Amino acid sequence: MLDCAIIGGGPAGLTAGLYTTRGGLKHVTMYEKGMPGGQITGSSEIENYPGVTGEITGMDLMAPWPEQCMRFGLKHEMVEVTNVTRNAEGIFLIARGDGKTDEALSVIVCTGSTPKRAGFKGEDEFFGRGVSTCATCDGFFYKDKEVAVIGGGDTALEEALYLSKICSKVYLVHRRDKFRAAPNTVERVMNAENIELILDATPDEVYGDTMGVTGLKVALKDGGIRDLAVPGVFVFVGNDVNNAVLKQSDGSFLCAVNDWGQVIVDLSMRTDVPGLFAAGDLRIEAPKQVVCAAGDGAVAALQAIGYVDEKQHG
Ligand code: FAD
Ligand code: NAP
């Protein structure tokens, strides 16, 4: 029986692994379907992790994290978790992709979320070289430059406003003439002097050179093409929350999630199921930053230690 099962080995999961093991839990396994490190390992540059200065890739940042946890006894299983259930005794059953099932007293789910791609030409080729899905991460690279934002939901408009404070101009490209975003957010966008709306328009092709993006071609309703000479294109067309492990056989979730599938937690990363915690990008109101995911992992771990202690010693 595991004291704690950690699902996902990104910044949240690894930090949860460090704090649970260093905090005294003996049997802790982190399940990660790929190499530990999480989605930041796909970033060519991170410059907002506190205390880490100089040019550093996401891979460089994360490289020492697994070894640090293993020193304190964290076990890593390179396997996908397919499902988590809880039996009548309050024990969690961790169903693994290799057909085995493990038992755990507590679980910390750290499976992250995945931004959707819009599907236009060049989007994948230039991802990380001018195409981004994170304004907080990459906005500063375009300080005093012009950028394009794709999308018409709350995320696109909020991020367009964020970028408008850093960039000289933001082109907001949306495929309809009505926004999904909240009316007050739409109003703030309308009032922003350096945001230009390009409506009824779809991104056609992002192009560039070996250095990265140099422009975005946008297809207009009248059949014309508008060519935006921007070095940065931010895509906010929705997000897939990686909550599949929490799905039960009847289609419900093991714990409460909101309308967008984000796991509802309190400030201690507790879900509404005792012993089940969620940390990082899959939780409600996640700022989707490495430092925040790591902080969540630590908070959840401290709670899991208390929960397991109570279970074992009453
Ligand atoms: P993730 O990092 O997504 O990790 C989740 C892990 O869970 C993954 O490794 C996945 O393989 C694993 N997993 C999922 N499902 C299962 C399963 N069923 N079984 C087993 N394993 C599973 N943040 C910053 O602070 N600064 C930046 O500059 C920055 N730049 C970024 C650039 C890019 C290109 C991207 C993609 C993200 C960037 N971010 C940045 C955001 C940052 O990477 C995330 O906020 C952070 O990684 C979230 O951590 P997490 O642990 O919650 O989830
Ligand atoms: P979203 O609401 O699903 O909006 C996605 C936007 O992208 C839509 O405007 C959509 O256009 C557009 N889009 C989708 N696919 C596209 C494609 N292939 N090419 C071009 N455009 C495309 O996603 P979100 O903005 O990430 O928000 C997700 C949920 O979180 C929403 O319910 C939102 O309200 C919520 N949220 C809330 C807040 C807040 O309350 N402060 C902040 C952020 C997010 P169409 O409109 O034409 O479909």
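Just give me the residues in the range 181-193 being open to solvent by less than 50 Å² (accessible area, probe 1.4 Å) and in a helix (DSSP H, G or I), in sequence order.
Matches in the range 181-193: THR185, VAL186, VAL189.
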Open item on the list: Restricting to the range 257-293, give me the number of residues that are buried (at least 24 other Cβ atoms within 10 Å of the Cβ) and part of a helix (DSSP H, G or I).
Closed with: 2
- [ ] Please enumerate the residues belonging to the range 245-256 that are open to solvent by less than 20 Å² (accessible area, probe 1.4 Å) and part of a loop (DSSP other than H, G, I, E, B).
- [x] CYS255
Open item on the list: I'd like to verify a number: residues in the range 85-127 that are more than 30 Å from THR155 (Cα to Cα) and either within 11 Å of ligand 1 (Cβ to nearest atom) or surrounded by fewer than 20 Cβ atoms within 10 Å (Cβ to Cβ) (or both), how many?
Closed with: 18
Open item on the list: Considering only residues that are without any contact (Cβ under 8 Å) to a residue 40 or more places away in the chain, under 19 Å from ASP240 (Cβ atoms) and among the charged types (D, E, K, R), which ones fall in the range 259-301?
Closed with: ASP259, ARG283, GLU285
Task: Residue within the range 162-170 that is away from ligand 1 (no atom under 16 Å from the Cβ), free of Cβ contacts under 8 Å to residues at least 60 places away in the same chain, assigned to a loop (DSSP other than H, G, I, E, B) and in contact with a Ser or Thr (Cβ under 7 Å, 6 or more places away or on another chain) present - done: no
Task: Selection count where residues are open to solvent by less than 20 Å² (accessible area, probe 1.4 Å) and within 17 Å of LEU216 (Cα to Cα), scope the range 164-175 - done: 5
Task: Residue ID - nearest to ligand 2 (Cβ to nearest atom), chosen from residues in the range 117-141 that are at pLDDT 95 or above and among the aliphatic types (A, V, I, L, M) - done: ALA118
TODO: Check whether at least one residue in the range 232-252 is on the phi < 0 side of the Ramachandran plot, over 18 Å from the mean Cα position of the chain (by Cα) and within 16 Å of ligand 2 (Cβ to nearest atom), and report yes or no.
DONE: yes
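For the structure I just gave you, tell me whether LEU163 is under 24 Å from GLY119 (Cβ atoms) and touching a Phe, Trp or Tyr at 6+ places or on another chain (Cβ under 9 Å).
yes
Any idea which residue in the range 294-304 is most open to solvent (accessible area, probe 1.4 Å), counting only those that are touching a strand residue (DSSP E or B) at 6+ places or on another chain (Cβ under 8 Å) and within 13 Å of THR20 (Cβ to Cβ)?
Kept after step one, since they are touching a strand residue (DSSP E or B) at 6+ places or on another chain (Cβ under 8 Å), are these residues of the range 294-304: 296-297, 300-301, 303-304.
Imposing the further condition that a residue be within 13 Å of THR20 (Cβ to Cβ) reduces the set to 297, 300-301, 303-304.
Details: GLY297: 0, ALA300: 0, ALA301: 0, GLN303: 57, ALA304: 0 Å².
So, considering only residues that are touching a strand residue (DSSP E or B) at 6+ places or on another chain (Cβ under 8 Å) and within 13 Å of THR20 (Cβ to Cβ), the one most open to solvent (accessible area, probe 1.4 Å) is GLN303.
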- [ ] Have a look at THR101, THR114 and point out the one that is farther than 12 Å from VAL245 by Cβ and at pLDDT below 95.
- [x] THR114
Task: Failed item, numbered, when LYS178 is tested on (1) surrounded by 17 or more Cβ atoms within 10 Å (Cβ to Cβ); (2) within 13 Å of ligand 2 (Cβ to nearest atom); (3) more than 23 Å from the chain's Cα centre (by Cα); (4) charged (D, E, K, R) - done: (1)
TODO: Looking at (1) away from ligand 2 (no atom under 16 Å from the Cβ); (2) within 30 Å of PRO50 (Cα to Cα), find the lone condition where LYS288 falls short.
DONE: (1)
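Residues are listed down the side, and each one gets a yes or a no for (1) in contact with a strand residue (DSSP E or B) (Cβ under 9 Å, 6 or more places away or on another chain); (2) away from ligand 1 (no atom under 11 Å from the Cβ); (3) more than 12 Å from ALA304 (Cβ to Cβ):
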{"position": "LEU2", "(1), (2), (3)": "yes, yes, no"}
{"position": "ILE6", "(1), (2), (3)": "yes, no, no"}
{"position": "GLY9", "(1), (2), (3)": "yes, no, yes"}
{"position": "LEU14", "(1), (2), (3)": "yes, no, yes"}
{"position": "THR20", "(1), (2), (3)": "yes, yes, no"}
{"position": "MET30", "(1), (2), (3)": "yes, no, yes"}
{"position": "LYS33", "(1), (2), (3)": "yes, no, yes"}
{"position": "GLN39", "(1), (2), (3)": "yes, no, yes"}
{"position": "THR53", "(1), (2), (3)": "no, yes, yes"}
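The values are calculated or read from the model by the stated rules, or taken from the named source; none is laboratory data. Predicted, not measured: the structure shown is a model, and the values here were computed from it. Cβ coordinates were reconstructed from backbone atoms using ideal geometry, including for glycine residues, and neighbour counts include every protein chain displayed. For the accessible areas, the whole protein counts, side chains as well, though only heavy atoms, and no ligand, DNA or RNA atoms are used. Shrake-Rupley method; radii C 1.70, N 1.55, O 1.52, S 1.80 Å.
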